[in-house]
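The values are calculated or read from the model by the stated rules, or taken from the named source; none is laboratory data. Quick caveat: nothing in here was measured; it's all calculated off a predicted structure. Glycine gets a Cβ as well: all are built from the backbone with ideal geometry, and neighbour counts include every protein chain shown. Just the protein is used for accessible areas: all its heavy atoms, side chains included, with ligands, DNA and RNA removed. Shrake-Rupley method; radii C 1.70, N 1.55, O 1.52, S 1.80 Å.
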Amino acid sequence: PGHAELPEAYREIGQPVLVGGSMGTCSYVLTGTQGAMDKSFGSTCHGAGRAMSRTKALRTLDAHTVLQSVKDVGCTTRVAKQGLAAEEAPESYKDVSEVVDTCHAAGISKKCVRLRPLICIKG
């Protein structure tokens with residue numbers, strides 16, 4: 001906040017940061033903080049990060065089961081290839097809420113909005 005290079009609309013609140021979740025998990029809107037400028041070169045998380053390699057996900061996860069579990073949380077999916085569902089499954093990624101909470105607690109971004117997934121398109 002307050003940085004001269006920010007567009008005027010964001011100077012008071014900080015730069016908006018979109019943090020996408022994985023298939024069927026929430027996403028977040030954060031704002032940048034002075035703490036990020038001081039501690040991390042003005043940077044914060046931009047996603048959860050992978051917990052499982054794509055290769056391991058393809059070997060261990062069933063695409064049909066993944067698609068059903070995403071549907072069960074109320075999210076519509078469209079995938080170009082079934083394998084993409086396994087590669088991008090929620091269990092292939094770290095918990096985005098934990099990552100965002102950590103960044104918030106560290107003072108390098110501030111939580112503003114939690115978004116619920118409606119549709120996920122892959123490929």
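Overview of results
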item	result
Greater than 23 Å apart at Cα, pairs in Lys81/Lys111; Lys56/Lys81; Lys56/Lys110	Lys81/Lys111; Lys56/Lys110
Within the accessible area of the chain (1.4 Å probe), percent carbon and sulfur	54
Estimated dipole of the chain in Debye, rounded to 20 [Cβ of Lys and Arg +1, of Asp and Glu -1, Cα centre]	360
Accessible area expressed per residue, the chain, with surrounding protein chains retained (probe 1.4 Å, Å²)	61
The range 71-123: projected area of the alpha-carbon convex hull, averaged over directions, in nm²	4.5
Long-range Cα-Cα pairs in the chain (distance over 21 Å), rounded percent	45
Segment Lys71-Ala4, length gained on full extension (0.36 nm per residue, minus Cα span)	19.7 nm
